[in-house]
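Visitor: Structure in structure tokens, see below.
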Amino acid sequence: MVQDVRILNTGTLLILQRKLRAAGHENIRASMQRRIRHAAEPLRDDLQDTMRTLPIRSSGRAQGKRGGPSPTRRPLRATLAAAIRISVRTTGNPGARVWMDKSALPPDLKRMPDVINSGRIRHPVFGNRRRWATQTTTPLWWDKTIRSHTPRMEREVARVLDDVRNRLT
């Protein structure tokens, strides 16, 4: 699974960052950072919406098998959607980054972003390691959502860079 997405033109951003630092325009840098974050927010929102509505299918219980309530009250898709984050950097390695923050997930779900993007979720039935279930979902949902937003984000970031470059010259 692609853990993060970076839309950046590192050379242009680094040159622009040096010019901003030399010019001492803190408000231009803050404006640039805010506008780049604004360009990445629709991607984050779409990733969260896709995660919340992602269909997870199973073959169902076999005839005569017992069932029961979930051992956790935690909603899986909402928990994963809440862990999708944005960060914007204008120094060092500048750019916008949208990623699944595994530190925001419970310990038993740390691997779930990779597993759910593969399209096949295999897990023990109610924690019983002798019985396993396999559920399926849309494979590569993360990658497809990102690909649909990439052209728009590249255009918006290029426009932001042009605006800042014009203000500095």
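The values are calculated or read from the model by the stated rules, or taken from the named source; none is laboratory data. Given the structure is predicted, the values throughout are model-derived calculations rather than measurements. Using ideal geometry, Cβ is built from the backbone for each residue, glycine included, and neighbour counts are taken over all protein chains shown. Accessible surface areas use protein heavy atoms only, side chains included; no ligands, DNA or RNA. Shrake-Rupley method; radii C 1.70, N 1.55, O 1.52, S 1.80 Å.
Visitor: 7 Å from Cα along Cα→Cβ at both VAL125 and LYS144: what's the point-to-point distance in nm?
Guide: Using points 7 Å along Cα→Cβ, the separation is 3.0 nm.
Visitor: Along Cα→Cβ, 7 Å out, is where each label goes; now give me the distance between the ones at VAL115 and ARG73 in nm to one decimal.
Guide: 2.3 nm
Visitor: Could you report the accessible area of GLU41 in Å², rounded to 10, computed with a 1.4 Å probe on the protein chains as they sit in the structure?
Guide: 60 Å²
Visitor: To the nearest 0.05, what FRET efficiency results for THR136 and ASP49 with a Förster distance of 25 Å applied to their C-beta separation?
Guide: The value I calculate is 0.80.
Visitor: When Lys and Arg each count +1 and Asp and Glu each count -1, what net charge do the other residues less than 15 Å away from PRO139, Cβ to Cβ, add up to?
Guide: Values: positive: ARG57, ARG120, ARG122, LYS144, ARG147; negative: ASP114, ASP143.
Once positives and negatives cancel, what remains is +3.
Visitor: While we're on this one: Would you calculate the separation in nanometres between label points at ALA158 and SER87, each defined as 7 Å from the Cα along the Cα-to-beta-carbon direction?
Guide: Label at ALA158, label at SER87, 2.8 nm between them.
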